[in-house]
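First up is the structure itself, then whatever we jot down about it.
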Amino acid sequence: MPYKLLFVCLGNICRSPSAENIMNHLVESARKSDNRIICDSAGTSSYHIGSPPDRRMSAAFSNKFGTELQGHARQFKRSDFQDFSLILAMDRDNYQDIISLDPTGQYHHKVRLMCDFCTRHSIKEVPDPYYGGTEGFNQVIDLLVDACEGLLKHISNDE
Ligand code: 4NP
């Protein structure tokens, strides 16, 4: 069975598509691209359904990785709780919005804050870069690289 990761933010055009693309990049570099780790992303809101990633986010990503961000925004849905092994919320609002769709708490154990997996940064949330400047987008990439590296180690230890 593959291990399926779902990264979740508000709009699914900045933070969570970056996390998805960075994780895919790390998995490929670690030569683990044998379909055992599958990544997807979603937004808690419906604001940007169908949109490609934000250009500013894609620019920050391509500065670091040399490729464009892939994907189109979709909204988080209840069936994601069953379909994914682990659901990574970018901030506490995202976390609460996800948890509120699981009133009985049966999938609570699958939902984690992304920054729980950081080892080099002590910040607890991935800040929303949408209304800020370029530096905010670069900070998102740095934080997500840290968290994705920790997450990959966590998954590899579990397997
Ligand atoms: P994201 O960033 O949640 O990282 O995709 C945002 C994208 C859009 C909005 C807010 C945050 N918005 O308000 O439209």
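For this structure, a couple of remarks:
A quick yes/no check of all residues on (1) closer than 27 Å to ASN63 by Cβ; (2) open to solvent by 20 Å² or more (accessible area, probe 1.4 Å); (3) within 16 Å of the ligand (Cβ to nearest atom); (4) part of a helix (DSSP H, G or I):
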{"residue": "GLN106", "(1), (2), (3), (4)": "no, yes, no, no"}
{"residue": "GLU125", "(1), (2), (3), (4)": "yes, yes, yes, no"}
{"residue": "TYR130", "(1), (2), (3), (4)": "yes, yes, yes, no"}
{"residue": "ASN157", "(1), (2), (3), (4)": "no, yes, no, yes"}
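- Residue tally, condition away from the ligand (no atom under 16 Å from the Cβ) and closer than 13 Å to MET90 by Cβ, over the range 109-123: 5
- Single residue of ARG15, ARG56, ARG74 found to be under 15 Å from VAL145 (Cβ atoms) and charged (D, E, K, R): ARG15
- Qualifying positions in the range 108-123 - surrounded by fewer than 11 Cβ atoms within 10 Å (Cβ to Cβ) and not in a loop (DSSP other than H, G, I, E, B): HIS109
- Of the listed requirements (1) closer than 20 Å to PHE117 by Cβ; (2) touching a residue at least 40 places away in the same chain (Cβ under 8 Å); (3) loosely packed, with under 14 Cβ neighbours inside 10 Å, MET23 misses just one: (3).
- Scanning the range 39-52 for residues that are over 17 Å from MET114 (Cβ atoms) and either open to solvent by less than 50 Å² (accessible area, probe 1.4 Å) or in contact with a strand residue (DSSP E or B) (Cβ under 8 Å, 6 or more places away or on another chain) (or both) returns SER45, SER46, HIS48, ILE49, GLY50, SER51.
- Test result for VAL140, β-branched (Val, Ile, Thr), within 15 Å of the ligand (Cβ to nearest atom) and assigned to a loop (DSSP other than H, G, I, E, B): no
- Options SER100, SER79, SER58, SER51; residue that is within 16 Å of the ligand (Cβ to nearest atom), over 22 Å from LEU152 (Cα atoms) and without any contact (Cβ under 8 Å) to a residue 12 or more places away in the chain: SER58
- Looking only at residues of the range 134-152 that are open to solvent by 50 Å² or more (accessible area, probe 1.4 Å) and without any contact (Cβ under 8 Å) to a residue 24 or more places away in the chain, we find that the one that is nearest to VAL27 (Cα to Cα) is ASP142.
- Scanning the range 1-48 for residues that are within 16 Å of the ligand (Cβ to nearest atom), among the polar types (S, T, N, Q) and over 21 Å from GLU125 (Cα atoms) yields a single hit, SER46.
The values are calculated or read from the model by the stated rules, or taken from the named source; none is laboratory data. Predicted model only: the values in this text are computed from it and were never measured. When we count neighbours, we look across all protein chains shown, and the Cβ atoms used for this are built from the backbone with ideal geometry, even at glycine. Only protein heavy atoms, including side chains, enter the accessible area calculation; ligands, DNA and RNA are left aside. Shrake-Rupley method; radii C 1.70, N 1.55, O 1.52, S 1.80 Å.
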